[in-house]
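Below is one structure, written out as structure tokens; comments come after it.
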Amino acid sequence: MPETFQEHPFITHLKKLTENRGALAALRRGLGQPPGLAVEMYPYVVRWLPEKVGANEESAYYLTASLFAFHPEGINSGNIGDHLLAATLNTTQFDAVERRFVALLKTHPEDLYFYLRQIMSILKSKGIPINWSQLLRDIGYWDHPNRFVQRRWAASFWGNAGSSQETTQL
């Protein structure tokens, strides 16, 4: 029996902010900066952080919020690998997208904000919606020793159809 999608409460909160231009502007100030450095974001993120939050999870909230404010279109399935694959359909830019994707997969967690912003620019330019709940979870586990997030994204992008259906909730 397939799992039902459950939107993360923080993503529900961000979606409610889409009509608040000031809030989105404050969240976008986090783009291009390491997560958590833009103090303008605090009123919209801090109250949603879990009580006992680790550094990786906290960074995931800030990074997701800034990226969401940049490109708030959402979908309830897939992961970044699926979304990037969709962006390459009917285009001659597969090689360029693939190079950026490989760079993203190799990136250190401290540099993730830089590479994800580039990827988000591609997806926004193509009108590809994002599974924000999955992205929030995936960012939180980016530095897991077995690199399951990177492997799942790679499988989705390069054609392992079974993995592209995963929306593992962690």
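Every read-out reported here was derived from the displayed coordinates using simple, explicitly stated rules and does not represent laboratory data. Please read all numbers here as calculations on a predicted model, not as lab measurements. Ideal geometry is used to build each Cβ from the backbone, glycine not excepted, and the neighbour counts take in all protein chains shown.
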statement: Here, LYS16 and ARG147, labelled 7 Å along Cα→Cβ, have an inter-label distance in nm of 3.9 nm
- line: Connecting every pair of Cα atoms under 10 Å apart in the chain and solving the GNM, the largest mean-square fluctuation among GLU19, GLU98, GLU40 falls on GLU19
query: Which far-off residues, 5 or more places away or on another chain, put their amide H under 5 Å from the one on GLY74, with H placed in the peptide plane?
result: ILE130
- line: Here the averaged projected area of the stretch 75-121, based on the convex hull of its alpha-carbon atoms and given in nm², is 3.6 nm²
query: Which percent of Cα pairs goes in each bin when the distances of the stretch 28-113 are cut into 10 angstrom slices starting at zero?
result: 15, 39, 35, 10, 1
- request: Mind ranking 68-81, 136-149 by how tightly packed they are, going by the mean number of other C-beta atoms within 10 angstrom, highest first?
  value: 68-81, 136-149
field: Total lysine pairs under 29 Å (Cα atoms) in the chain, excluding pairs fewer than 8 apart on one chain
entry: 9
message: I need the helices of the chain that pass two filters: whole DSSP H segments spanning 20 Å or more by Cα along the axis, and mean Kyte-Doolittle score no lower than -0.5.
response: 55-70, 112-126
statement: What helix-only [θ] at 222 nm does the chain give? Using -39500 (n - 2.57) per DSSP H run of at least 4, over all residues, to the nearest 500, the answer is -16500 deg cm²/dmol
- prompt: Using the 10 angstrom Cβ neighbour count as an exposure proxy, how do LYS124, LYS106, LYS15, LYS52 rank, fewest first?
  reply: LYS52, LYS106, LYS15, LYS124
task: Sorted from largest down, give the three principal axis spans of the alpha carbons of the stretch 1-52, whole angstrom values.
output: 43, 30, 21
field: Only Lys, Arg (+1) and Asp, Glu (-1) charged, at Cβ; the stretch 9-164 dipole about Cα centre in debye
entry: 200 debye
field: In Å, descending, principal axis extents of the Cα set of the chain
entry: 40, 35, 30
statement: For ARG100, ARG47, ascending order of other Cβ atoms within 10 Å (fewest first) is ARG47, ARG100
task: Determine the dipole magnitude for the stretch 115-161: charges of +1 sit on the beta-carbon of Lys and Arg, -1 on that of Asp and Glu, nothing else is charged, the reference point is the Cα centre, and the result goes in debye to the nearest 20.
output: 100 debye
